[in-house]
Amino acid sequence: VKYQITDNHQVYGQVARNFKVPGNFVWFGAIVGGVNRVDQINDQLKAERSTNVDVGYRFFSKYVTFSSALFAVDFKDRLSRQFLPDQAVTLDTNVGDATIRGFEAEVGTVPVAGFSAYASVSYTKSRMKDNLVVSATNVQPTSGKEFPDTPKWMTALALQYASGPFYANVQGKYLGKRYSTLVNDEQVGGYTLFDLNVGYRFPSFGWLRNPTI
């Protein structure tokens with residue numbers, strides 16, 4: 001649903017129900033040590049379900065557009081990949097219920113005298129609610145931990161110039177630290193990446209269409 005306050009201002013909200021089955025690659029680990037685990041996989045794995053809620057605000061003008069949102073996701077039987085070091089295999093597994101909360105915003109401009117800009121930021125807080133039961137004697141302390149490969153902060157900033165056949169842009173992106181295991185005992189540090197692109201588009205030469213350097 002959305003409500004147009006004025007021609008420039010809009011608020012919106014949405015609710016979605018999602019469903020995800022285990023990937024077909026789960027069968028790659030079906031046979032371990034000569035033992036067929038198909039029945040065990042069928043018995044253990046459940047489909048992941050989630051409820052997504054978003055509310056946000058958008059602004060439109062002649063030169064600038066802006067969009068922002070608050071989001072919340074509740075997962076049931078969330079799926080994740082699990083590495084079993086004693087068997088040297090990676091399998092799908094249900095890690096129980098989990099939540100995601102956060103916000104995101106982005107702003108961009110139309111070209112003015114050849115220049116345009118874009119910026120974005122997002123914050124994501126994930127949390128697993130249950131411990132991971134690997135076996136009767138192996139329970140991993142995942143309750144309260146963050147979901148792997150889910151950085152809290154991501155930001156981007158870009159500036160572009162274009163005039164006729166010439167164009168150039170510079171951009172920077174920051175990706176915050178993220179955990180690589182379900183128990184959060186290993187992490188990858190955050191980093192910033194800068195890119196510079198400069199190009200020139202030539203007219204077509206016979207069969208060569210718009211060559212660009």
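The values are calculated or read from the model by the stated rules, or taken from the named source; none is laboratory data. This is a predicted model, so every value here is computed, not measured. Cβ atoms come from the backbone with ideal geometry, glycine included; neighbour counts cover every protein chain shown.
Quick grid of which residues meet (1) among the acidic types (Asp, Glu); (2) at pLDDT 85 or above; (3) farther than 24 Å from ARG127 by Cα; (4) outside any helix (DSSP H, G or I):
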| position | (1), (2), (3), (4) |
| --- | --- |
| TYR12 | no, yes, yes, yes |
| ARG17 | no, yes, no, yes |
| PRO22 | no, no, no, yes |
| ILE41 | no, no, yes, no |
| SER50 | no, yes, no, yes |
| SER67 | no, yes, yes, yes |
| VAL73 | no, yes, no, yes |
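Scan the range 166-173 and give yes if some residue there is of a type outside the set (A, V, I, L, M, F, W, C) and over 28 Å from ALA105 (Cα atoms), otherwise no. Scanning the range 166-173, I find no residue that is of a type outside the set (A, V, I, L, M, F, W, C) and over 28 Å from ALA105 (Cα atoms), so the answer is no. Using the structure shown, decide if GLY108 is in contact with a Lys or Arg (Cβ under 9 Å, 6 or more places away or on another chain), small (Gly, Ala, Ser) and modelled with pLDDT of 95 or more. Judged against the criteria, GLY108 is not a match.
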